[in-house]
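Chemist: Below you'll find the structure I mean.
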Amino acid sequence: MILMLPVLAEASFNQFAVVGVLLLIAIVFGVGNLVISKLMGPSREGPIKGLVYESGMNPITPARRRFNVRFYVVAMTFLVFDVEIVFLYPWATTFPSLAQDSPLNVLFLGRMLFFVLTTVIAFLYAWRKGVFRYD
Amino acid sequence: MSVMADKLAGVWPEITLGLGACVCMALGLAKASSTRKLTSWVAGLFLLLSGVLAIAGPQPTSGLILPPQMVLYVKLAVVAVGVVLLLVAAQLPSSWRATHRAEEGIEPFDPANVMRGEFFAFFLFSLAGVMLTTTANDLVWLFLSLELVSLPTYVMVATSQDRIRAQESAVKYFFLGALAVAVFLYGFTLIYGATGFTDLSRVQSAAATTTSPLLTLGIVLAIVGISFKIAAVPMHFYTADVYQGAATPVTAFLAFVPKTAGFVAIIILLSMLPQWPTHGPIMWLLWIMAALTMTVGNVMGLLQTSVKRTLAYSSIAHSGYLLVGLLAGPALLTSGGGGSGAIGNGIAAVLFYLVAYALSTIGAFAVLGCVQVDGHEADSFDDISGLSTKHPGLAAVMLVCVLSLVGLPPLLGFIGKIYLFGSAMAHRGENPAFVWLVVVAVLNSAVSAVYYLRIIGACYFGKPSGRTEPQHCPSRRIAALVCGIAVVVMGVAGNRLVTLARESSQLAQPSQQTPAKVVSDELPTDIHGG
C-alpha cells in the first residue's frame, strides 16, 4: 500500500510535490529533533557533564593510545564466517523439506559445500597471510 | 531451477575470472619465488579463458536488459583491453620494495608483506565486475556489480606504490567513492519506491505506464552517483589526485575499467525509461553534465604541470565527449532523420569510443610507466622532456596516442569523435539543443589540443634531462607498442570494430515493443515472485 503513495499523491499534488514533501519531512525531522531536545531537555552544566563519556564511564587513558591493528584483521575474518552463517541458516531450515528422492538434494548440498569451500579457502589464505599469528 | 541455471549460463566468464582471482591469491603466497612470479601469467590465462567462454560458452537466453550482442561486445572489449592492461601492470609488483627484496633473496619471504597475488586477484575481480554490470537485470545486481568494480580499485591504488602519496590518493578515492555510492543507492531506493520492483524488466514496464516524478528523481540521483565511476562533473574532483597518486599501470586501469562499467550502468538505467530522454529533466541533466565535464576537464588540463594530472583531466574531458554520444541515444527508427550507418547511433558511438579512448590513453600511460626519473615514475613535463632523443620508440608511441586523444584524422580517436558528435548531429531533429552541445564539444576539442601538444612538445623539443633512466619492464613496452600500432591501424582500418559496435547496440527500448501488455499481469504485490 505504501508503494502506491506516490501515485495517490500525484493525483492531487503537482508533479514534484511528492519529492518536496519528502524533503520537507526530512528537514522537519532533523531540525525538529534538535529544537525539541533543546526546549524540553534539562540543561545542566558541571565537571561530570563535561566528561568524555556521557554514559558515566570514566576515561582511563588518553585517546591517543597505541593498540594492535591486528584486532581489525581478526574482526574482519570473523565477519567472513559470520556472514557465512547468515547464508547457512536459511539453507539449513529449507533443506530437510526437500523430497527424499529429489535429484535437487545432491545439487543443493553440492552448492552449499562449494560455498563452504570458498570460505575454507579464505580461511587458509588468512592463515598463510599470518592473520592468526600474535607476536 | 531453470531460472537459476539460465542466470548462471550468462556469467561463466565472470565465474572464470573469480576462480582465477582465487588461484592468483594462492599463487602469490607460494613458497618458491619462481612460482610466485607465475601469477601474472596465470591471471592472463584466466582472462583469455573467460574471453573464450564469452564467445563459445553458453549464452544467456533471457533476463538481460541489454541486447546479448552488446553484452558480448563489452565482455570482449574488457578481455581485450584487460590483456593490454595486464601487460602494462605485469611487472608492477616487482617494483615494490618488500616483493623485490623477497625475490632477490635479500630478505626471507614474508607472506604478510607481499601483495603480488592480491594485486592480480583484485585486477581480475574488478574486470569481472564490469562483465557482471552488463548482465545486470536487477537493481541489487547492478549495485553489487558496480561495487565489485570499484572496491578492488581502492586497494589497487593504495598498494600500487611504496609512497605515502598512493595511500593519500586511495583515502580520497575511497571516501569520495563512498559518497557517490550513497548518492546512487539513494537513487536506487527511489526507483524501487516509485515502481515497487527491483527487477529491472518490471521497472521498465512499470515506468512505461506511469510517469512518476520519484522515478525521474531516482534515475537522476543514480546517474549523478555513477558519474563518479566515469569521472564526470559533479563527481570528478578525485580524478586528478588519484590518477597522479597511483602507479601508472593502475592509473591506466582506472581510465578504462570504472568508466566502462559506469557507461554500461547509465545505458541500463536510461533504457528503463519509456523512450530515450530527448526532452525533460534527465536530458537536461545529461546535457549540462556533458557540457560542464568537457569544459572543466579541458580548462583544468591547460593549467597542469604534471603529465599524469593532464591525462587525468583529459580523462574527465573524454567522459564529457562520451556523454554527448550517450545523449544522442540509439539509432533513429525512421530513416528520415539523416542517420545512416554508424553515425546516428549514439550508443554504438559510445561503445566504440570507450575502446578507442582506452587504447589511446593506455598507450600514453604505458609510455610514462616505461620511464623512470630519480628512482620514481615519470610524472612532470620536465621528466619526459627530450624523450625522443633517448627513446625514439617510446616518444613515437606517445606522439601517436596523444594525437589520437586530440582526434587528428587518420587515427582511432578521430573516427570515434566523428561518430560521437555525428550521432548527436543526426539526432538534432529531436532536440535542437544537441547542436549547441556539439558546438561546445568541438570548441573543447580545439582547446584540448593545446595541452596535448604540450606533451608532444616536451617529448620532441624539450631539453633532455640526464636523470631519466629506462625501467626494466619489457611487457610494458610491448603494451605501449600494441596500443601505438592499434591506434594507427584501427584508425585506418577500424571498420570491423565500428560494425561490431553498431550491430551490438540495437537497444530494446520498450517503445519498440508493446509496453502496455506486459504490465497487466504483473501486480505490485508480486515482489517476491519469479
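The values are calculated or read from the model by the stated rules, or taken from the named source; none is laboratory data. All figures in this text were calculated on a predicted structure; none of them were measured in a lab. All Cβ positions, even for glycine, are placed from backbone atoms using ideal geometry, and neighbour counts span all protein chains on display.
Chemist: Closer than 30 Å to B:Leu270 by Cα and in contact (Cβ under 8 Å) with a residue 24 or more places away in the chain: does that describe B:Ala449?
Modeler: Criteria not met by B:Ala449.
Chemist: While we're here: Of the conditions (1) among the hydrophobic types (A, V, I, L, M, F, W, C); (2) under 24 Å from B:Tyr357 (Cβ atoms); (3) in contact with a Cys (Cβ under 6 Å, 6 or more places away or on another chain), B:Met156 satisfies every one except a single condition; which number is it?
Modeler: Here B:Met156 clears every test but (3).
Chemist: Considering only residues that are closer than 26 Å to B:Gly329 by Cα and either crowded, with 21+ Cβ neighbours inside 10 Å or at pLDDT 90 or above (or both), which ones fall in the stretch B:384-417?
Modeler: B:Ser404, B:Leu405, B:Val406, B:Gly407, B:Leu411, B:Leu412, B:Gly413, B:Phe414, B:Ile415, B:Gly416, B:Lys417
Chemist: Quick check on my filter: what residues within the stretch B:188-206 are within 11 Å of chain A (Cβ to nearest Cβ), of a type outside the set (Val, Ile, Thr) and in a helix (DSSP H, G or I)?
Modeler: B:Leu190, B:Tyr192, B:Gly193, B:Ala194, B:Ala206 - these are the residues of the stretch B:188-206 that are within 11 Å of chain A (Cβ to nearest Cβ), of a type outside the set (Val, Ile, Thr) and in a helix (DSSP H, G or I).
Chemist: On to the next question. Among (1) closer than 26 Å to B:Tyr313 by Cα; (2) modelled with pLDDT of 90 or more, there is one condition B:Ser475 misses while meeting the rest; what is its number?
Modeler: (1)
Chemist: Inside the stretch B:421-432, can you point out the residues that are in a loop (DSSP other than H, G, I, E, B) and touching a residue at least 12 places away in the same chain (Cβ under 8 Å)?
Modeler: B:His427, B:Gly429, B:Glu430, B:Asn431 - these are the residues of the stretch B:421-432 that are in a loop (DSSP other than H, G, I, E, B) and touching a residue at least 12 places away in the same chain (Cβ under 8 Å).
Chemist: Checking B:Val435 against (1) in contact with a Lys or Arg (Cβ under 7 Å, 6 or more places away or on another chain); (2) touching a residue at least 60 places away in the same chain (Cβ under 8 Å), only one condition comes out false. Which one?
Modeler: Every listed condition holds for B:Val435 apart from (2).
Chemist: Looking only at the stretch B:27-48, decide whether some residue is within 14 Å of another protein chain (Cβ to nearest Cβ), touching a Ser or Thr at 6+ places or on another chain (Cβ under 7 Å) and modelled with pLDDT of 85 or more.
Modeler: yes
Chemist: Out of curiosity, is A:Val131 touching a residue at least 60 places away in the same chain (Cβ under 8 Å) and β-branched (Val, Ile, Thr)?
Modeler: Working: touching a residue at least 60 places away in the same chain (Cβ under 8 Å): yes; β-branched (Val, Ile, Thr): yes.
Criteria met by A:Val131.
Chemist: Then there is this: List every residue pair whose Cβ atoms sit under 9 Å apart, with the two residues 6 or more apart in sequence or on different chains, where the first one lies in the stretch B:63-88 and is on the phi > 0 side of the Ramachandran plot and the second, anywhere, is in a helix (DSSP H, G or I) and of a type in the set (S, T, N, Q).
Modeler: These pairs meet every condition: B:Gly63/B:Ser201.
Chemist: Is it the case, given these coordinates, that B:Ser50 is buried (at least 19 other Cβ atoms within 10 Å of the Cβ), closer than 19 Å to B:His472 by Cβ and of a type in the set (S, T, N, Q)?
Modeler: Values: buried (at least 19 other Cβ atoms within 10 Å of the Cβ): yes; closer than 19 Å to B:His472 by Cβ: no; of a type in the set (S, T, N, Q): yes.
When the stated conditions are applied, B:Ser50 does not pass them.
Chemist: A further question follows. Quickly run through the stretch B:47-80 and pick out the residues that are of a type in the set (S, T, N, Q) and within 19 Å of the chain's Cα centre (by Cα).
Modeler: If the condition is that a residue be of a type in the set (S, T, N, Q) and within 19 Å of the chain's Cα centre (by Cα), then B:Ser50, B:Gln69 are the ones that fit.
Chemist: Could we say that A:Phe132 is surrounded by 10 or more Cβ atoms within 10 Å (Cβ to Cβ) and either within 14 Å of chain B (Cβ to nearest Cβ) or at pLDDT 85 or above (or both) here?
Modeler: When the stated conditions are applied, A:Phe132 passes them.
Chemist: Given the conditions (1) touching a residue at least 40 places away in the same chain (Cβ under 8 Å); (2) under 20 Å from the mean Cα position of the chain (by Cα), and given that B:Ala178 satisfies all but one, which numbered condition is not satisfied?
Modeler: (1)
Table: residues versus (1) more than 14 Å from chain A (Cβ to nearest Cβ); (2) farther than 23 Å from B:Ser504 by Cα.
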| position | (1), (2) |
| --- | --- |
| B:Pro58 | yes, no |
| B:Leu72 | yes, no |
| B:Ser95 | yes, yes |
| B:Gly105 | yes, yes |
| B:Ala112 | no, yes |
| B:Ala128 | yes, no |
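Chemist: Another question, then. For residues in the stretch A:2-44 being within 21 Å of B:Leu217 (Cβ to Cβ) and in a loop (DSSP other than H, G, I, E, B), which is modelled with the highest pLDDT?
Modeler: Ranking the qualifying residues of the stretch A:2-44, first place goes to A:Phe16.
Chemist: A further question follows. Across the stretch B:100-122, what is the number of residues that are assigned to a helix (DSSP H, G or I) and under 29 Å from the mean Cα position of the chain (by Cα)?
Modeler: The total comes to 7.
Chemist: Is it the case that B:Thr216 is of a type outside the set (A, V, I, L, M), touching a residue at least 24 places away in the same chain (Cβ under 8 Å) and within 14 Å of chain A (Cβ to nearest Cβ)?
Modeler: Considered against the rule, which asks whether it is of a type outside the set (A, V, I, L, M), touching a residue at least 24 places away in the same chain (Cβ under 8 Å) and within 14 Å of chain A (Cβ to nearest Cβ), B:Thr216 comes out as yes.
Chemist: Right, here's the next one. Can you say whether B:Val83 is surrounded by fewer than 23 Cβ atoms within 10 Å (Cβ to Cβ), β-branched (Val, Ile, Thr) and within 17 Å of the chain's Cα centre (by Cα), as far as the supplied structure shows?
Modeler: Details: surrounded by fewer than 23 Cβ atoms within 10 Å (Cβ to Cβ): yes; β-branched (Val, Ile, Thr): yes; within 17 Å of the chain's Cα centre (by Cα): yes.
In short, yes.
Chemist: Suppose we filter the stretch B:219-243 for residues that are buried (at least 24 other Cβ atoms within 10 Å of the Cβ), part of a loop (DSSP other than H, G, I, E, B) and touching a residue at least 60 places away in the same chain (Cβ under 8 Å); how many remain?
Modeler: The number of residues fulfilling the criteria is 6.
Chemist: What's the total number of residues in the stretch A:94-129 that are outside any helix (DSSP H, G or I), surrounded by 12 or more Cβ atoms within 10 Å (Cβ to Cβ) and more than 11 Å from chain B (Cβ to nearest Cβ)?
Modeler: Within the stretch A:94-129, residues that are outside any helix (DSSP H, G or I), surrounded by 12 or more Cβ atoms within 10 Å (Cβ to Cβ) and more than 11 Å from chain B (Cβ to nearest Cβ) number 1.
Chemist: Would you confirm whether or not the stretch B:435-447 contains a residue that is among the aromatic types (Phe, Trp, Tyr) and crowded, with 17+ Cβ neighbours inside 10 Å?
Modeler: In the first step, residues of the stretch B:435-447 are kept if they are among the aromatic types (Phe, Trp, Tyr); the result is B:436.
From the residues that got through so far, the ones that are crowded, with 17+ Cβ neighbours inside 10 Å too are none.
No, because not a single residue in the stretch B:435-447 is among the aromatic types (Phe, Trp, Tyr) and crowded, with 17+ Cβ neighbours inside 10 Å.
Chemist: Scan the stretch A:82-93 and give yes if some residue there is of a type in the set (Gly, Ala, Ser), surrounded by fewer than 10 Cβ atoms within 10 Å (Cβ to Cβ) and more than 14 Å from chain B (Cβ to nearest Cβ), otherwise no.
Modeler: no
Chemist: Could you check the stretch A:84-128 and list, in sequence order, the residues that are of a type in the set (S, T, N, Q) and free of Cβ contacts under 8 Å to residues at least 24 places away in the same chain?
Modeler: Of everything in the stretch A:84-128, those that are of a type in the set (S, T, N, Q) and free of Cβ contacts under 8 Å to residues at least 24 places away in the same chain turn out to be A:Thr93, A:Thr94, A:Ser97, A:Gln100, A:Ser102, A:Asn105, A:Thr118.
Chemist: Restricting the search to the stretch B:136-164, which residues are over 24 Å from B:Ile266 (Cβ atoms) and either buried (at least 21 other Cβ atoms within 10 Å of the Cβ) or at pLDDT below 90 (or both)?
Modeler: Across the stretch B:136-164, the qualifying residues are B:Thr159, B:Ser160, B:Gln161, B:Asp162, B:Arg163, B:Ile164.
Chemist: Please state which one of B:Pro258, B:Pro281, B:Pro277, B:Pro249 is surrounded by fewer than 24 Cβ atoms within 10 Å (Cβ to Cβ) and either modelled with pLDDT of 95 or more or over 19 Å from B:Val324 (Cβ atoms) (or both).
Modeler: B:Pro258
Chemist: Now a separate question. Is it the case, given these coordinates, that B:Val114 is crowded, with 20+ Cβ neighbours inside 10 Å, out of contact with any Lys or Arg (no Cβ under 9 Å at 6 or more places or on another chain) and aliphatic (A, V, I, L, M)?
Modeler: When the stated conditions are applied, B:Val114 does not pass them.
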